[in-house]
Amino acid sequence: MKLKLLSLAAVLACGLGPVAHAAEGELVIGTEGAYPPFSMADANGNVTGFDADVGNAVCEKLQLKCRFVVQAFDGLIPALNAKRFDVIISGMSITDERQKQIDFSNSYGEFPNQFVVKKESELAGVKDFDTLKKDLSGLRIGVQSGTTHAAYVEKNMPDAQLMTYDTLDQMQIDLSSGRLDTSFADTSAQNDFLAKPEAADFQLVGVVIDSASDATLGKGLGIGIRKDEGELKERINQALCDLGEEGTLKTASEKWFKLDISQKCK
Amino acid sequence: MDWDLLHRAVTTIGKGVGTTLTLASVSLAIGFCLGLGLAVMRVSGNRLMSGFAEYYSAVFRGTPLLVQLFLFYYGLGQFDFVRDNPVLWWVIGGGMHCAIMALALNTAAYTSEILRGGLISIPAGLIEAAKAAGMSRALRFRRIEFPLAIRQALPAYGNEMVLVIKGTSLASTITVLEITGHAKRLMSQTYAIFEIFTIAGIFYLLINAALILAIRRIENRLTSPGR
Amino acid sequence: MEFGLMQLWEGGWAGALLRGASVTILVGVGAMLLGLATGIACGLIKWARVVPLNWLVDIYTTVVRGVPELLIIYLLFFSSVEFVARIGTAFGWAGLAETGYPFLIGIIAIGAISGSYSTEVVRGALAAIPTGHVEAARALGMPKARIFRRIILPQMLRIAAPGVNNVWQATMKDTALISVVGLQELMRTAFVGAGSTRSPFIFYLVAGAVYLAITFVSQSGFKRAERALVLKGRA
């Protein structure tokens, strides 16, 4: 009932002016702000991290001013479609499921993924994927909701107990307090966790799972764009190509991840 | 109309119904007993007991359930002495047990107010007659006060039961896979927001409707004969 | 044992929590007002039995009271509520529409929930007005508008006051649920602080204390208002 009244008002409001959801010359970027080292936001809303660097570089190329909007990860896609921002830059992988909802730029990076366990866990020394898969059955695996990692575990380890969390922080807190046996995320986020004092007893499991190994993990990181914004997508792809050539992406990647995950244009 | 999606949504979200009902019924059972104890403490003459009951009620009714839930799950889980203690960890370690405990403590506060209202509303004449007849305190409570209080409190308590069912949805924020938890996870995968949340809403409406009908039946049974 | 009190102070979280508390109060008040307006309108419709509107009102209150608040908030937040942004822009709040998006959604969602409970309170209050009063006024030839203004409205307000107090308490606590969709109110601030400093206990304890304070202050406020209403209504 409320929605009906509001939509009526909205239809009337349409006559009062177009939706100027971004000031002229501005690119509004949606990002999570709680996923180090991709996207971190402090209490005042200032965003830093790999995604922020990529975003700022793209804005510069497009000659637009950057403005970041912080938003929970699994709400990014609906919010993009609701025109709350123009693009998504938030460590988001290109997947078939997501491509049903939105478009993506070309991939600008690709990430390996790993499990993290306690040092005394029997999984710690596992070196091959099949043993890992067998050992994981029945264990409590933590993932972030709406991520490719959640989809991957759900598909490949159906007899494990999947625990989803809204934020990385919640997952890591439960891992260190012993509510989880292991967590699965991309290697950079895991390394960021392992650098914290509470992670002293934890380590990476040696089995590296590449995005290429499974469709659920996606085809690399992409900038999310609405389906009807073909022109913007072209410009962004061009900008990414240029940045790749100039080595800007490589510099940013090495700054945050200590390794180069950037991809050149095909 | 995407029948595949609807079918998937109904079966997935339906998996959570059992968990929702378990959460609600166990919390209500524990909460009722606690609430009854608190109500008795409240109407007792003892200053210490009634004061404790009053503060307990004020604290649990004056703060959001979400805050209580997170305080128990994340807050208490932070301390080593809790993690190392097997009994305490059994309670707050797992999402399900922790949610039941938080819900039970919360509903106990509201229940105590409802039952207190019921106990107070008993006409003084009945109590005096029972005393004159020589009934002991315990017998008086069991045969006169308690049944009358329950009958008086039933409509309000039925309301509280519906609120507890709604409260179980908050367990989804601490990894419990009840109705809302399944709905949210499914939504993250398919982004079919409206369909999924509508189906989840229908599940809750059906459960609450059944509950309200049952309460009305009991109300009728209690008030009609013997008037 | 890491109690975290020092972290709370040093990290500047105390200021952030206060800011969060002010957002909580703003959303609570906004939602309550929206809910009251809705409640009075819908309550009147139900009491006067305006068909078919009162069926719509019935559906509204049944659904909103039977479905968890969290679900309603998720639904409103995740669906393409583009028209909220459009309304915001149309009224010249373009900037608010982006930064204030969760804020607006919060007020609308909590307001819709609060409204359903307010509807029941208003309806109950209207039903409790002795019909004799209205009949007598009509027999005296009072115009309808004046009957409403001098007879119905004052009594409704007085009878509804305790119920409105209850709805207010519930509305204030429901605002905590908007934290799950990211609005920087009190609960969300505590949540972020807890995650960032790894001291959830102190943060949620302080948040709880602030909610208690808000409850306590509004309780005494309401008691005073009730007393004023009763004195005035000495007919």
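The values are calculated or read from the model by the stated rules, or taken from the named source; none is laboratory data. Owing to the predicted nature of the structure, the values given are computational and were not obtained by experimental measurement. Note that each Cβ is placed from the backbone with ideal geometry, even for glycine, and that neighbours are counted across all protein chains shown.
State the number of residues belonging to segment B:19-31 that are surrounded by fewer than 17 Cβ atoms within 10 Å (Cβ to Cβ) and farther than 18 Å from C:L71 by Cβ.
3
For A:T167, state whether it is over 22 Å from C:T197 (Cα atoms), touching a strand residue (DSSP E or B) at 6+ places or on another chain (Cβ under 6 Å), touching a residue at least 40 places away in the same chain (Cβ under 8 Å) and among the β-branched types (V, I, T). Lay out the reasoning, then the answer.
Values: over 22 Å from C:T197 (Cα atoms): no; touching a strand residue (DSSP E or B) at 6+ places or on another chain (Cβ under 6 Å): yes; touching a residue at least 40 places away in the same chain (Cβ under 8 Å): yes; among the β-branched types (V, I, T): yes.
Judged against the criteria, A:T167 is not a match.
Out of A:L204, A:L180, A:L175, A:L194, which single residue is within 14 Å of chain C (Cβ to nearest Cβ) and either within 22 Å of A:A34 (Cα to Cα) or of a type in the set (S, T, N, Q) (or both)?
On the way: A:L204 fails: within 14 Å of chain C (Cβ to nearest Cβ); A:L180 fails: within 14 Å of chain C (Cβ to nearest Cβ); A:L194 fails: within 14 Å of chain C (Cβ to nearest Cβ).
Unique residue meeting the criteria: A:L175.
Does A:E245 meet the test of being outside any strand (DSSP E or B) and either among the β-branched types (V, I, T) or free of Cβ contacts under 8 Å to residues at least 12 places away in the same chain (or both)? Break it down into steps so the answer makes sense when it comes.
Numbers: outside any strand (DSSP E or B): yes; either among the β-branched types (V, I, T) or free of Cβ contacts under 8 Å to residues at least 12 places away in the same chain (or both): no.
Taking the combined requirement at face value, the residue does not satisfy it.
When segment C:179-218 is examined, which residues are found to be among the polar types (S, T, N, Q), at the interface with chain A (Cβ under 9 Å from one of its Cβ atoms), under 24 Å from C:M32 (Cα atoms) and part of a helix (DSSP H, G or I)? First the steps, then the outcome.
Filtering segment C:179-218 for residues among the polar types (S, T, N, Q) gives C:179, C:184, C:189, C:196-197, C:199, C:215, C:218.
Those still in the list that are at the interface with chain A (Cβ under 9 Å from one of its Cβ atoms) too: C:184, C:189, C:196.
Cutting the leftovers down to under 24 Å from C:M32 (Cα atoms) gives us C:184, C:189.
Within segment C:179-218, just C:T189 meets the criteria.
Just to check your reading of the model, which residue among A:S188, A:S177, A:S183, A:S211 is touching a Gly at 6+ places or on another chain (Cβ under 6 Å) and within 22 Å of A:Q263 (Cα to Cα)? Please lay out each step first, then the result.
Details: A:S188 fails: touching a Gly at 6+ places or on another chain (Cβ under 6 Å); A:S177 fails: within 22 Å of A:Q263 (Cα to Cα); A:S183 fails: within 22 Å of A:Q263 (Cα to Cα).
Just a single option satisfies the conditions, and that option is A:S211.
Here are A:K227, A:K196, A:K250: which of them is surrounded by 15 or more Cβ atoms within 10 Å (Cβ to Cβ), among the charged types (D, E, K, R) and at negative phi? Walk me through how you get there before you give the answer.
Details: A:K227 fails: surrounded by 15 or more Cβ atoms within 10 Å (Cβ to Cβ); A:K196 fails: surrounded by 15 or more Cβ atoms within 10 Å (Cβ to Cβ).
A:K250 is the lone residue from the list that is surrounded by 15 or more Cβ atoms within 10 Å (Cβ to Cβ), among the charged types (D, E, K, R) and at negative phi.
Which residue, of A:I225, A:I261, is under 21 Å from A:E32 (Cα atoms) and at pLDDT 90 or above? Show your work before the answer.
Working: A:I261 fails: at pLDDT 90 or above.
After applying the criteria, what remains is A:I225.
Condition test on B:I114, is it in contact with an Asp or Glu (Cβ under 8 Å, 6 or more places away or on another chain), within 14 Å of chain C (Cβ to nearest Cβ) and part of a helix (DSSP H, G or I)? Spell out how you get there, then give the answer.
Values: in contact with an Asp or Glu (Cβ under 8 Å, 6 or more places away or on another chain): yes; within 14 Å of chain C (Cβ to nearest Cβ): yes; part of a helix (DSSP H, G or I): yes.
So B:I114 fits the description; yes.
Any residue at all in segment C:197-217 that's of a type in the set (F, W, Y), more than 30 Å from A:F73 (Cα to Cα) and modelled with pLDDT of 85 or more?
Of segment C:197-217, the ones of a type in the set (F, W, Y) are C:201, C:203-204, C:211, C:216.
Now drop any that are not more than 30 Å from A:F73 (Cα to Cα), which leaves C:216.
The next check asks that each one be modelled with pLDDT of 85 or more; those that pass are C:216.
Yes, segment C:197-217 contains at least one residue that is of a type in the set (F, W, Y), more than 30 Å from A:F73 (Cα to Cα) and modelled with pLDDT of 85 or more.
If you check A:G125 against the conditions, is it within 14 Å of chain B (Cβ to nearest Cβ) and in a loop (DSSP other than H, G, I, E, B)?
It is false that A:G125 is within 14 Å of chain B (Cβ to nearest Cβ) and in a loop (DSSP other than H, G, I, E, B).
This table checks each residue for (1) of a type in the set (D, E, K, R); (2) more than 15 Å from the chain's Cα centre (by Cα); (3) surrounded by 23 or more Cβ atoms within 10 Å (Cβ to Cβ).
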residue: A:A72; (1), (2), (3): no, no, no
residue: A:I89; (1), (2), (3): no, no, yes
residue: A:M92; (1), (2), (3): no, no, yes
residue: A:Q99; (1), (2), (3): no, no, no
residue: A:S107; (1), (2), (3): no, no, no
residue: A:E110; (1), (2), (3): yes, no, no
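Consider segment B:167-209. How many of its residues are in contact with a Pro (Cβ under 9 Å, 6 or more places away or on another chain), without any contact (Cβ under 8 Å) to a residue 24 or more places away in the chain and more than 8 Å from chain C (Cβ to nearest Cβ)?
Here the count works out to 1.
Residue by residue through segment A:160-178, note down the ones that are in a loop (DSSP other than H, G, I, E, B) and either at pLDDT below 90 or buried (at least 24 other Cβ atoms within 10 Å of the Cβ) (or both). Outline the logic, then answer.
Here is the first cut: in segment A:160-178, the ones in a loop (DSSP other than H, G, I, E, B) are A:160, A:166-167, A:177-178.
Scanning segment A:160-178 gives A:D166, A:T167, A:S177, A:G178.
Among the residues of segment C:113-136, are any within 30 Å of A:A79 (Cβ to Cβ), at pLDDT below 90 and aliphatic (A, V, I, L, M)?
Looking through segment C:113-136, none of the residues is within 30 Å of A:A79 (Cβ to Cβ), at pLDDT below 90 and aliphatic (A, V, I, L, M).
Just one of (1) within 14 Å of chain B (Cβ to nearest Cβ); (2) touching a residue at least 12 places away in the same chain (Cβ under 8 Å) trips up A:K100, so point out which.
Single failed check for A:K100: (2).
I need the full set of residues from segment C:191-209 which are surrounded by fewer than 22 Cβ atoms within 10 Å (Cβ to Cβ) and under 22 Å from the mean Cα position of the chain (by Cα), in order please.
Result: C:A209, single match.
Tally up the residues in segment A:57-110 that are hydroxyl-bearing (S, T, Y), within 15 Å of A:I236 (Cα to Cα) and in a strand (DSSP E or B), please.
Residues meeting the conditions: 0.
When segment A:32-47 is examined, which residues are found to be surrounded by 18 or more Cβ atoms within 10 Å (Cβ to Cβ) and out of contact with any Asp or Glu (no Cβ under 7 Å at 6 or more places or on another chain)? Lay out the reasoning, then the answer.
Filtering segment A:32-47 down to residues surrounded by 18 or more Cβ atoms within 10 Å (Cβ to Cβ) leaves A:32-41, A:47.
Scanning segment A:32-47 gives A:E32, A:G33, A:Y35, A:M40, A:A41, A:V47.
Would you call A:K133 of a type outside the set (F, W, Y), outside any loop (DSSP other than H, G, I, E, B), out of contact with any strand residue (DSSP E or B) (no Cβ under 7 Å at 6 or more places or on another chain) and surrounded by fewer than 22 Cβ atoms within 10 Å (Cβ to Cβ)? Step through it out loud before you land on a result.
Working: of a type outside the set (F, W, Y): yes; outside any loop (DSSP other than H, G, I, E, B): yes; out of contact with any strand residue (DSSP E or B) (no Cβ under 7 Å at 6 or more places or on another chain): yes; surrounded by fewer than 22 Cβ atoms within 10 Å (Cβ to Cβ): yes.
Against the criterion (of a type outside the set (F, W, Y), outside any loop (DSSP other than H, G, I, E, B), out of contact with any strand residue (DSSP E or B) (no Cβ under 7 Å at 6 or more places or on another chain) and surrounded by fewer than 22 Cβ atoms within 10 Å (Cβ to Cβ)), A:K133 qualifies.
I'd like to know if segment C:23-36 contains one or more residues that are of a type in the set (A, V, I, L, M), within 13 Å of chain A (Cβ to nearest Cβ) and surrounded by fewer than 20 Cβ atoms within 10 Å (Cβ to Cβ).
no
Can A:T95 be described as out of contact with any Lys or Arg (no Cβ under 9 Å at 6 or more places or on another chain) and within 30 Å of A:D53 (Cα to Cα)?
On the way: out of contact with any Lys or Arg (no Cβ under 9 Å at 6 or more places or on another chain): no; within 30 Å of A:D53 (Cα to Cα): yes.
The answer is no for A:T95.
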